[in-house]
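Note sheet for the following structure.
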Amino acid sequence: MLNSIPMDYREHLFRPLSRHFVDQLVQVIFVNPSDMDIVYQLIFDPEEKIAWRAAWACQKISEKYPEWFNDNQFNEIVSLAISTSHGGLQRGCLSILLNLPIPVSIPVEFINACFEFMVSAKSPISVQALSMKMLYRICRIEPDFKPELRAYLENVDSSLYSAGFNSTRRKVLNLLSNR
């Protein structure tokens, strides 16, 4: 376990990382909630390795304590998800956003980016799947998007995509049909 000495989170995130290490780091944050902002700010670190690892830690935090994130942070994470070209950081941002309440005002740029990420062959499968799930969550709040999402998913040439994409696609289409 990481000791209780004040840590340099950036230095720790720069070291070789494993799921166990991230879980330990998150446990330290749970004990010291005031340090959450330090790790959150590292999502925006210019060193991509630090940023995506910080996003991974924040994803774990958001799973247990989504209330630790506010609407402003939601929007900052949205902006980062749209602007980054790093697949791991993008995945981390989308994973965090899936755990947070969606604010009243959803940026249109984010909705458009999720549609683009979802069908882009350049996007990692995890980003494609998370984008589908995020768009489904948005449809539950903004039902006007439901026909558009359904049309995208029904008209995509499934032979061009991975089994993971197609599995998520079927699940989301099923959810859209049952709601």
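Some notes on this structure:
- Screening the range 63-161 for helices (runs of 4 or more DSSP H) wholly inside it with 3 or more residues that are over 16 Å from the mean Cα position of the chain (by Cα) returns the ranges 125-141, 146-155.
- The range 67-85, residues that are in contact with a helix residue (DSSP H, G or I) (Cβ under 7 Å, 6 or more places away or on another chain) and either in the same structural domain as residue 117 (by TED's automatic domain parsing) or at pLDDT below 95 (or both): none
- The set of residues in the range 162-179 being outside any helix (DSSP H, G or I) and under 16 Å from residue 124 (Cβ atoms) consists of 162 alone.
The values are calculated or read from the model by the stated rules, or taken from the named source; none is laboratory data. Fair warning: this is a prediction, and the values are worked out from it, not measured in the lab. Reconstructed Cβ throughout: ideal geometry from the backbone, glycine too, with neighbour counts over all protein chains shown.
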